[in-house]
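**Student:** Dumping the structure here so I can ask a few things about it.
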Amino acid sequence: MQINKLWSLPILSSEIEEGVSISSDGMDIILSFKCALESGRQKKYEIRFESVLCHTHTSERFTPKMFDSYDTLVSLEESEWLNNLKILNSRDFEFWKPKHFVIYFDGSGQYQFIAREFVVSEKEVE
């Protein structure tokens, strides 16, 4: 299994204010968090996983494998989870062409998504 680093948090996850929140919008799932800037203002980040087929969240105390995902979004190629989904329904698997994404936040644990793609957005908040 190959691990590809895709995006790193702009801060340490231990510096996230108010924790990580998770929400859904149709087939998309969004992880969002806020952090303080040196100017005293806040910035909000969102990681949107598009066309999510399945996902899991594991407490930091029960995370068996990190996959180099500490404060980093990674993709796992040829993961066991992906391979099992392909065997289960190869026709739909080829239509969705899903990827296996993993990210670990200190204090929140590990999130894994089987999804088509991801998009990161950021904006300053008042």
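The values are calculated or read from the model by the stated rules, or taken from the named source; none is laboratory data. Everything numeric in this text was worked out from a predicted model, so none of it was measured. Neighbour counts are summed over all protein chains in view; Cβ atoms, including those assigned to glycine, are modelled from backbone coordinates with ideal geometry.
**Student:** Mind checking which residues of the stretch 81-107 are surrounded by fewer than 20 Cβ atoms within 10 Å (Cβ to Cβ) and either touching a residue at least 40 places away in the same chain (Cβ under 8 Å) or under 10 Å from the mean Cα position of the chain (by Cα) (or both)?
**Tutor:** 96, 106, 107
**Student:** Something else about it: Out of curiosity, is residue 30 among the aliphatic types (A, V, I, L, M), surrounded by 11 or more Cβ atoms within 10 Å (Cβ to Cβ) and part of a strand (DSSP E or B)?
**Tutor:** yes
**Student:** From 20, 52, which residue is β-branched (Val, Ile, Thr), touching a Pro at 6+ places or on another chain (Cβ under 9 Å) and surrounded by 11 or more Cβ atoms within 10 Å (Cβ to Cβ)?
**Tutor:** 52 is the lone residue from the list that is β-branched (Val, Ile, Thr), touching a Pro at 6+ places or on another chain (Cβ under 9 Å) and surrounded by 11 or more Cβ atoms within 10 Å (Cβ to Cβ).
**Student:** Here is a further query. On the basis of being out of contact with any helix residue (DSSP H, G or I) (no Cβ under 7 Å at 6 or more places or on another chain), among the charged types (D, E, K, R), more than 30 Å from residue 11 (Cβ to Cβ) and touching a residue at least 40 places away in the same chain (Cβ under 8 Å), does residue 50 make the cut?
**Tutor:** Values: out of contact with any helix residue (DSSP H, G or I) (no Cβ under 7 Å at 6 or more places or on another chain): yes; among the charged types (D, E, K, R): yes; more than 30 Å from residue 11 (Cβ to Cβ): no; touching a residue at least 40 places away in the same chain (Cβ under 8 Å): yes.
Here the answer is no, as residue 50 does not meet what is asked.
**Student:** With (1) within 15 Å of residue 8 (Cα to Cα); (2) assigned to a loop (DSSP other than H, G, I, E, B) as the list, and residue 107 as the residue in question, which single condition is left unmet?
**Tutor:** (1)
**Student:** May I ask you to verify whether residue 124 is surrounded by fewer than 15 Cβ atoms within 10 Å (Cβ to Cβ), without any contact (Cβ under 8 Å) to a residue 12 or more places away in the chain and either aliphatic (A, V, I, L, M) or more than 19 Å from residue 7 (Cα to Cα) (or both)?
**Tutor:** Here the answer is no, as residue 124 does not meet what is asked.
**Student:** Examine the stretch 30-38 for a residue that is free of Cβ contacts under 8 Å to residues at least 40 places away in the same chain and among the aliphatic types (A, V, I, L, M), and state whether such a residue exists.
**Tutor:** Yes, some residue in the stretch 30-38 is free of Cβ contacts under 8 Å to residues at least 40 places away in the same chain and among the aliphatic types (A, V, I, L, M).
**Student:** Which residues, counting only those in the stretch 20-72, are among the acidic types (Asp, Glu), modelled with pLDDT of 85 or more and farther than 16 Å from residue 117 by Cα? Spell out the reasoning first.
**Tutor:** Step one: list which residues in the stretch 20-72 are among the acidic types (Asp, Glu), which gives 25, 28, 38, 46, 50, 60, 68, 71.
Then keep just the ones that are modelled with pLDDT of 85 or more; that gives 25, 28, 46, 50, 60, 68, 71.
Correct list: 60, 68, 71.
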